[in-house]
Every structure is written in C-alpha cells, then in structure tokens.
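The block underneath contains the structure these notes are about, expressed in structure tokens.
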Amino acid sequence: MIINTTKNKRKKKPLNNRRKARELVMKSIYRGLINNFDLNQIKKDIKEDPDFPLSDETLFLKLLNGVYEDFELLKAEIETYLDRDYDELSPIELAILYCSLYELKFSLDVPYKVVINEAIEITKSFGGTDGFKFVNGILNKAANKHRKTELQL
C-alpha cells in the first residue's frame, strides 16, 4: 500500500493589494473625520495596521494625499448629492465616499465600475447594513457627472 504523504494544500486566494489600500484609506479618512486630520500621524499609525504590508502603498498614498489636499472640494461635491444633512452621515460611509469620489474625479485610468464596486464591497464589510445602497446611489450620481463618456460605452 502506498501512502500519499503530501497534504492537500489549499490555494491561497491572491491578495487584493488595491482593495487593502482602499480599506486603509477609508480607515485613515475615518480617523481624520473623527479626530481632525493630522495627516503625518495618521500615516505613521496606519503602518502598524496588520493589513498595511498587504496593501499597494503607492495607491494608498496617492488616494490619502489626494483626499487630504482636495478635502473641501470633495466635501462640497458630496453635499450636492445628498438628500439629508451632511452631519447625519455615517463617518465610515462618508470616508468611503471621499476616497471613491476622489478616484472617480482624478483616477481616470481606473474604470468607474471598479471604483463603485470596490466602494460597495468595502461598505458591506465596514458600513451599516444597507449603507452600500446609499454609497452606490451617491457614486452613480458622481459617475454621471465625471465619467459621462465612459458611461456611454
């Protein structure tokens, strides 16, 4: 009788470095919204997150720095899409909106469907029960504004 000594090894699901980067940006923006932005401290602290080594650091820095630099512009645009007061929004969903809106406006190399899907998945993981529906609605409005050509394809 021959015994197979090799164990069935499960294939590891490949890491989604870009998703991890977006999650870390969301966490960083959330922290900034709650505690007033100290960008240097946030960058320093986020490196201790266990997901940081798994993330795309270049994307993380691009999105976080971009949101920080264009915060007021992004806030003003988010407010135009709302059917309720800005201060009533969940800080987690708001953090996701900032990151995703920044990508829709300034990262035209990323398809709008990818931006919206990533936001929905992150909201499902971190946001309220139906928060993803709210985020999806806001981002679809933003995509209609910033990605008209892409939407027509």
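Some observations on this one:
- Once the range 120-153 is narrowed to residues that are part of a loop (DSSP other than H, G, I, E, B) and not acidic (Asp, Glu), the residue that is farthest from Pro91 (Cα to Cα) is Leu153.
Residue-wise test of (1) within 22 Å of Ile120 (Cα to Cα); (2) buried (at least 19 other Cβ atoms within 10 Å of the Cβ).
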{"residue": "Met26", "(1), (2)": "yes, yes"}
{"residue": "Leu33", "(1), (2)": "yes, no"}
{"residue": "Phe37", "(1), (2)": "no, no"}
{"residue": "Glu48", "(1), (2)": "no, no"}
{"residue": "Phe60", "(1), (2)": "yes, yes"}
{"residue": "Leu73", "(1), (2)": "no, no"}
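- Considered as a group, the residues in the range 120-144 that are in contact (Cβ under 8 Å) with a residue 60 or more places away in the chain and not acidic (Asp, Glu) include one that is farthest from Asp83 (Cα to Cα), and that residue is Ser125.
- Candidates Thr123, Thr149 - the one that is modelled with pLDDT under 95 and of a type in the set (Val, Ile, Thr): Thr149
- Residues of the range 68-93 that turn out to be within 15 Å of the chain's Cα centre (by Cα) and among the polar types (S, T, N, Q), as a count: 1
- Verdict on Pro53 being assigned to a loop (DSSP other than H, G, I, E, B) and modelled with pLDDT under 95: no
- Residues satisfying the stated conditions in the range 76-90, i.e. surrounded by 15 or more Cβ atoms within 10 Å (Cβ to Cβ) and part of a helix (DSSP H, G or I): Glu77, Ile78, Tyr81
The values are calculated or read from the model by the stated rules, or taken from the named source; none is laboratory data. As the structure is a prediction and not an experimental result, all values here were calculated from the model. Here the Cβ is made from the backbone with ideal geometry for all residues, glycine too, and neighbour counts use every protein chain on show.
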